[in-house]
Amino acid sequence: MTSTRNLQWKTYALLAPIVFFAATGNVLLGKGMKQVGDVPELSPAAFGTLFLSAFGSGWIWLGIGSLLLFLVMFMVVLSWADYSFVMPVSAASYALVPLMSRWLLDERVSATRWAGVSLICLGVALVTRTPASGGERS
Amino acid sequence: MRTALCLASAVLGASGGELSVSHAMKQLGELHHFSPRSLINFLGRALRVKWFWAGIALLAVGFFSLLALLSWADVSFVIPATAMSYVTGALGARFLLGERLTPLRWAGIALVSAGVVLVSLS
């Protein structure tokens with residue numbers, strides 16, 4: 001049996017890289033897809049071409065690698081922690097993404113978006129005041 | 001219209017996939033040792049759980065919808081908007097996984113969702 005405190009510590013140790021790799025992965029995908037270009041129409045053929053050219057982009061592969069690392073750590077943490085705990089806490093990555101897209105992709109981030117990001121952070125702070133694992137009860 | 005469709009499929013794919021993966025991992029039980037060997041063993045066991053593959057399939061649907069969406073919309077709009085999946089995820093955790101959500105946790109998830117709506121409005 002792992003003590004509650006140790007469990008909480010283990011959970012945070014994994015959640016930090018989870019947040020980082022989720023945010024990095026999404027920013028890299030965004031960068032890659034912007035280089036690939038817009039989808040002109042909503043047809044299967046257009047999507048096929050889009051995905052083929054997407055897999056030729058180095059940024060896309062870096063993004064996928066980053067998201068794979070995220071997935072493995074996500075699986076490990078879910079082997080003991082509640083999904084309803086991990087899910088909102090990993091939302092901290094949503095606060096990182098506007099920062100990264102502002103600085104790395106030069107996108108403009110409006111005041112409303114920044115307010116939304118603050119609310120998300122506040123929500124995450126509330127969730128982390130609950131124990132990481134209550135266990136499935138079904 | 002294409003944005004709404006892709007967003008819906010990205011959101012439902014992501015939260016459905018994560019719920020399935022979560023269910024699969026709970027069947028495996030807590031990982032205690034973090035050596036490369038026990039980690040590989042753990043991942044190997046995960047590959048034999050049906051719910052894991054259901055989750056991966058749903059995550060793939062969500063992922064490709066997201067990829068398409070990112071080709072025409074701003075990252076700082078798309079990523080927060082897909083956080084709609086926090087609402088569907090919380091409901092799934094409560095009613096599909098049977099997790100007990102305390103009022104504090106519901107409040108936190110509600111704040112996260114409110115933040116998402118704000119971000120998507122702009």
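Filter the range B:35-62 for residues that are assigned to a helix (DSSP H, G or I) and charged (D, E, K, R); which is nearest to B:SER20 (Cα to Cα)?
Within the range B:35-62, the first condition is being assigned to a helix (DSSP H, G or I), and the residues that meet it are B:36-46, B:50-62.
Keeping just the survivors that are charged (D, E, K, R) gives B:37, B:45, B:50.
Values: B:ARG37: 25, B:ARG45: 15, B:LYS50: 9 Å.
Among those residues, the one meeting the criterion is B:LYS50.
Does the range B:91-114 hold any residues that are part of a helix (DSSP H, G or I), within 7 Å of chain A (Cβ to nearest Cβ) and in contact (Cβ under 8 Å) with a residue 24 or more places away in the chain, and which are they?
Scanning the range B:91-114 gives B:ALA93, B:VAL112.
Just give me the residues in the range A:96-138 being within 7 Å of another protein chain (Cβ to nearest Cβ), among the basic types (Lys, Arg) and not in a helix (DSSP H, G or I), in sequence order.
Matches in the range A:96-138: A:ARG129, A:ARG137.
Kindly indicate the residue of the range B:57-90 that is more than 8 Å from chain A (Cβ to nearest Cβ) and touching a Cys at 6+ places or on another chain (Cβ under 6 Å) and also surrounded by the fewest Cβ atoms within 10 Å (Cβ to Cβ) among those meeting that condition.
B:SER65
Inspect the range A:117-134 for any residue being of a type in the set (D, E, K, R), at pLDDT below 80 and more than 16 Å from B:VAL75 (Cα to Cα) and give the result as yes or no. Steps first, answer last, please.
Taking the range A:117-134 as the starting set, the residues that turn out to be of a type in the set (D, E, K, R) are A:129.
Now restrict to residues that are at pLDDT below 80: none.
Looking through the range A:117-134, none of the residues is of a type in the set (D, E, K, R), at pLDDT below 80 and more than 16 Å from B:VAL75 (Cα to Cα).
In the range A:40-86, what residues are under 19 Å from B:ALA68 (Cβ atoms) and outside any helix (DSSP H, G or I)?
Answer for the range A:40-86, where residues must be under 19 Å from B:ALA68 (Cβ atoms) and outside any helix (DSSP H, G or I): A:PRO40, A:GLU41, A:LEU42, A:SER43, A:PHE55, A:GLY56, A:SER57.
Checking B:TRP72 against (1) over 19 Å from A:PRO88 (Cα atoms); (2) of a type outside the set (A, V, I, L, M); (3) touching a residue at least 60 places away in the same chain (Cβ under 8 Å); (4) part of a helix (DSSP H, G or I), which single condition isn't satisfied?
The failed condition is (4).
If A:PHE55 meets every condition in (1) under 30 Å from B:LEU97 (Cα atoms); (2) in contact with a Phe, Trp or Tyr (Cβ under 8 Å, 6 or more places away or on another chain) apart from one, which number is that one?
Every listed condition holds for A:PHE55 apart from (1).
Of the numbered conditions (1) of a type in the set (Gly, Ala, Ser); (2) surrounded by fewer than 17 Cβ atoms within 10 Å (Cβ to Cβ); (3) modelled with pLDDT of 90 or more, A:ALA46 satisfies every one except a single condition; which is it?
Here A:ALA46 meets the rest and fails (3).
This table checks each residue for (1) more than 19 Å from B:LEU39 (Cβ to Cβ); (2) in contact with a Ser or Thr (Cβ under 8 Å, 6 or more places away or on another chain).
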site: A:ARG5; (1), (2): yes, no
site: A:PHE21; (1), (2): no, yes
site: A:GLY30; (1), (2): yes, yes
site: A:ILE60; (1), (2): yes, no
site: A:ILE64; (1), (2): yes, no
site: A:MET100; (1), (2): yes, yes
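Taking the condition at pLDDT 85 or above, surrounded by fewer than 24 Cβ atoms within 10 Å (Cβ to Cβ), of a type in the set (S, T, N, Q) and within 25 Å of A:LEU68 (Cβ to Cβ), does B:SER22 pass? Outline the logic, then answer.
Working: at pLDDT 85 or above: yes; surrounded by fewer than 24 Cβ atoms within 10 Å (Cβ to Cβ): no; of a type in the set (S, T, N, Q): yes; within 25 Å of A:LEU68 (Cβ to Cβ): yes.
Spelling it out, it is not the case that B:SER22 is at pLDDT 85 or above, surrounded by fewer than 24 Cβ atoms within 10 Å (Cβ to Cβ), of a type in the set (S, T, N, Q) and within 25 Å of A:LEU68 (Cβ to Cβ).
Report yes if some residue within the range A:63-76 is surrounded by 14 or more Cβ atoms within 10 Å (Cβ to Cβ), closer than 22 Å to B:SER113 by Cα and out of contact with any Phe, Trp or Tyr (no Cβ under 7 Å at 6 or more places or on another chain); otherwise report no.
yes
Considering each residue of the range B:75-88, count those that are farther than 14 Å from B:LEU12 by Cα and either of a type in the set (Phe, Trp, Tyr) or not in a helix (DSSP H, G or I) (or both), and give that number.
Residues meeting the conditions: 1.
For the range B:16-56, which positions are among the polar types (S, T, N, Q), more than 8 Å from every other protein chain (Cβ to nearest Cβ) and within 18 Å of B:GLY92 (Cα to Cα)?
Residues of the range B:16-56 that are among the polar types (S, T, N, Q), as a first pass: B:20, B:22, B:27, B:35, B:38, B:41.
After this cut, where a residue has to be more than 8 Å from every other protein chain (Cβ to nearest Cβ) as well, the list is B:20, B:27, B:35, B:38, B:41.
Correct list: B:SER20, B:GLN27.
The values are calculated or read from the model by the stated rules, or taken from the named source; none is laboratory data. These numbers come from a predicted model, not from an experiment. We place every Cβ from the backbone using ideal geometry, glycine too, and count neighbours over all the protein chains shown.
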